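Inspection log for the structure reproduced underneath, given as structure tokens.
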Amino acid sequence: MSKTLIIGASGQIGKMATELLLENEQNVVALVRDKNKLSDLSSSFLTIVEQDLEGDFGDAMKGCDQVIFAAGSGGSTGDDKTVLIDLWAATKAATFAKEHGVKHFVMVSSIGADDPDSIKGDLKPYLVAKHMADEHLVNSGLNYTIVRPGTLTDDSASMQVTIQRPSDRSKAKISRENVANALLHIATNPFISNRIFELFDGDKPIKAAVK
């Protein structure tokens, strides 16, 4: 059976994805800085690896067929952590994955990462970091899927999404639970190599929208 490494498994989306994969009896390696944040999870399919993304975490890739990078610096940190986690750790993850023969790398990016110059204000450094990490992955030689969710919400999963950006910007949002369920679908189905798409709450079942 395949094994998926989830980087950022204690974050909001990362933990939801970890739980969903475990519920579906998928082998998961959860990479976290503090294993106590996953103390409520218990499964024979789960291995927890405690490492710092600002250091060398390449060993976590051993034996893994797939990587989901769901880590983020968080909204309460400064631009320094954005560079170190959203950019540098993400690029290192792709490099380590290539070195260890990982077959598929899934990057949780962000809407706007395709064109950071179109955004003004405090969000721009974050989008630049996401853009550069995405570009590194594209050029890494790995098979990749880059998911760019809209504005994240804490709504319950509707299990209905779209990959078409809404014309009304206020509707360009998606629940974290919907993102996690989309990651489950991507991780447990044959993948189309080298795909980039945005993701929003919508009107199609995840399976139909994220083919």
>> Please enumerate, by chain and number, the lysines with C-alpha under 23 Å from the C-alpha of residue 130, excluding those fewer than 8 residues away in the same chain.
In response: 15, 81, 92, 98, 103, 120, 171, 173
> ³J(HN,Hα) across segment 201-210 via Karplus (A = 6.51, B = -1.76, C = 1.60, θ = phi - 60°), whole Hz, x for Gly/Pro?
Replying inline: 4, x, 10, 10, x, 3, 4, 7, 6, 9
> To the nearest 500 deg cm²/dmol, what mean residue ellipticity at 222 nm is calculated for the chain from DSSP H runs of n ≥ 4 alone, each contributing -39,500 (n - 2.57), summed and divided by the residues?
Replying inline: -7500 deg cm²/dmol
> Between residue 160 and residues 5 or more places away or on another chain, which pairs have amide H atoms under 5 Å apart, with H built 1.01 Å from N, and which residues are they?
Replying inline: 202
>> Could you give me D for segment 1-89, from Stokes-Einstein at 10 °C and 1.306 mPa s, where the hydrodynamic radius is the Kirkwood radius over C-alpha pairs? Units µm² s⁻¹, please.
In response: 120 µm²/s
> How do 40-51, 7-18, 109-120, 138-149 rank on mean C-beta neighbours within 10 Å, highest first?
Replying inline: 7-18, 138-149, 109-120, 40-51
> Projected onto the charge dipole of segment 111-211 (+1 at Lys/Arg Cβ, -1 at Asp/Glu Cβ, origin at the Cα centre), which of 166, 138, 185 gives the Cα projection farthest towards the positive end?
Replying inline: 185
> If you stretched the chain out fully between residue 54 and residue 156, how much longer would it get, using 0.36 nm times the residue separation minus the C-alpha to C-alpha distance?
Replying inline: 33.5 nm
> Taking Cα atoms of segment 127-192, Rg/Rh with Kirkwood Rh, to two decimals?
Replying inline: 1.00
> Applying the Karplus parametrisation 6.51 cos²θ - 1.76 cosθ + 1.60 with θ = phi - 60° to the phi angles of segment 86-93, what ³J(HN,Hα) value in whole Hz is obtained for each residue in order, glycine and proline being reported as x?
Replying inline: 5, 9, 5, 5, 5, 5, 5, 4
> Over all distinct Cα pairs, what is the inverse of the mean 1/r for segment 159-211, reported as the Kirkwood hydrodynamic radius in Å?
Replying inline: 11.3 Å
>> Rounded, prolate or oblate, given the Cα gyration tensor of segment 45-100, with a/c below 1.5 counting as rounded?
In response: prolate
> Percent of accessible area on the chain owned by carbon and sulfur, 1.4 Å probe?
Replying inline: 47 percent
>> What number does segment 53-158 give for Rg over Rh if you use C-alpha atoms and the Kirkwood radius?
In response: 0.98
> How large is the accessible surface per residue of segment 118-195, computed with a 1.4 Å probe and reported in Å² as a whole number?
Replying inline: 53 Å²
> In sequence order, what are the phi-derived ³J(HN,Hα) couplings for segment 138-144 according to the Karplus relation 6.51 cos²θ - 1.76 cosθ + 1.60 with θ = phi - 60°, rounded to whole Hz, with x for glycine and proline?
Replying inline: 4, 8, 7, x, 7, 6, 9
>> 5 Å is the cut-off here: which amide hydrogens, built 1.01 Å from N in the peptide plane, fall below it relative to residue 106, excluding neighbours closer than 5 in sequence?
In response: 67, 68, 69, 145
>> Which of 19, 54, 198 ends up with the largest GNM mean-square fluctuation for the chain, with Cα atoms connected below 10 Å?
In response: 54
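The values are calculated or read from the model by the stated rules, or taken from the named source; none is laboratory data. Computed from a predicted structure; not experimentally measured. A quick note on method: Cβ atoms are made from the backbone with ideal geometry, for glycine too, and the neighbour counts reach across all protein chains shown. When the accessible area is computed, the model is the full protein with side chains, heavy atoms only, and any ligands, DNA or RNA have been set aside. Shrake-Rupley method; radii C 1.70, N 1.55, O 1.52, S 1.80 Å.
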